[in-house]
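Please treat every number below as a calculation from the coordinates, not as lab data. Just so we're clear, the structure is a prediction, and the values are computed from it rather than from any experiment. Cβ placement follows ideal geometry from the backbone for every residue including glycine, while neighbour counts extend to all protein chains displayed.
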Amino acid sequence: MHDYGLSSDEVVLVECENVTPKDKKAFNSSGNLVLTNKNILCATFTMFGKVKNVDRHPVSDVKVFDGIVQAKLDLRFGDNPVMNIYYKASQVSYMLTDNVKAKEFVKQLNKLVTGNDIEIESGLTAGAAMLGEALGGMASAFKGAFGIKEKEPEKIVMPCTGCGASITGIKGSLVKCEFCGCTVKLT
Ligand SMILES: [Zn+2]
């Protein structure tokens, strides 16, 4: 456990590692993004792994709209989700490296601030599409920086293993033949 300089009644709820924060200016050095019962901490480390600097935002500084905390998760980049947190005075994007932790972070933060549970869909959270637009070029910059390519699903045609009829579908998917009812894996 790192020494984040927590107060005596402060506990860690979620800890995300290898997080790169980005404000208006530039990418900052990566570190840990930590949700405690009081603050959102972004800690950087020395080359020896000691905590160098902790950037602190009280959770009460995160905007709430319509009963939902304004921490938007954009999951389009697979295992490199982007979390945009709207603080009252600023807005910071965090590039994460763990989908599960990212979702947990948003859930717990929402629960902490609003007292409510939210469901996070596997695709985008509400408002994420809007966020994508707002990020515009930055989103593609993220993708470029991490070598993530968007792939078009490849469509192929295969003869049905049951009756020989042509079956069209996305490569790798299971398709039920409309003639004989066989399920065929398109490979
Ligand atoms: Zn068939």
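Sort K103, K176 so that the residue with the fewest other Cβ atoms within 10 Å of its own Cβ comes first and the one with the most comes last.
Details: K103 22, K176 13.
With the sparsest Cβ surroundings first, the list reads K176, K103.
When D98, D117 are sorted by how many other C-beta atoms sit within 10 angstrom of their C-beta, beginning with the fewest, the order is D117, D98. Fewest neighbouring Cβ atoms within 10 Å first, the residues C182, C16, C177 line up as C182, C177, C16.
For the cross-link pairs K38/K103; K101/K185; K50/K101; K50/K103, which exceed 29 Å when the distance is taken from alpha carbon to alpha carbon?
Numbers: K38/K103 19 Å; K101/K185 33 Å; K50/K101 22 Å; K50/K103 27 Å.
Going by Cα-Cα distance, K101/K185 fall outside the 29 Å limit.
Counting Cα-Cα pairs of the stretch 53-93 in 5 Å increments starting at 0 gives whole-percent bin shares of 6, 21, 26, 22, 15, 9, 1.
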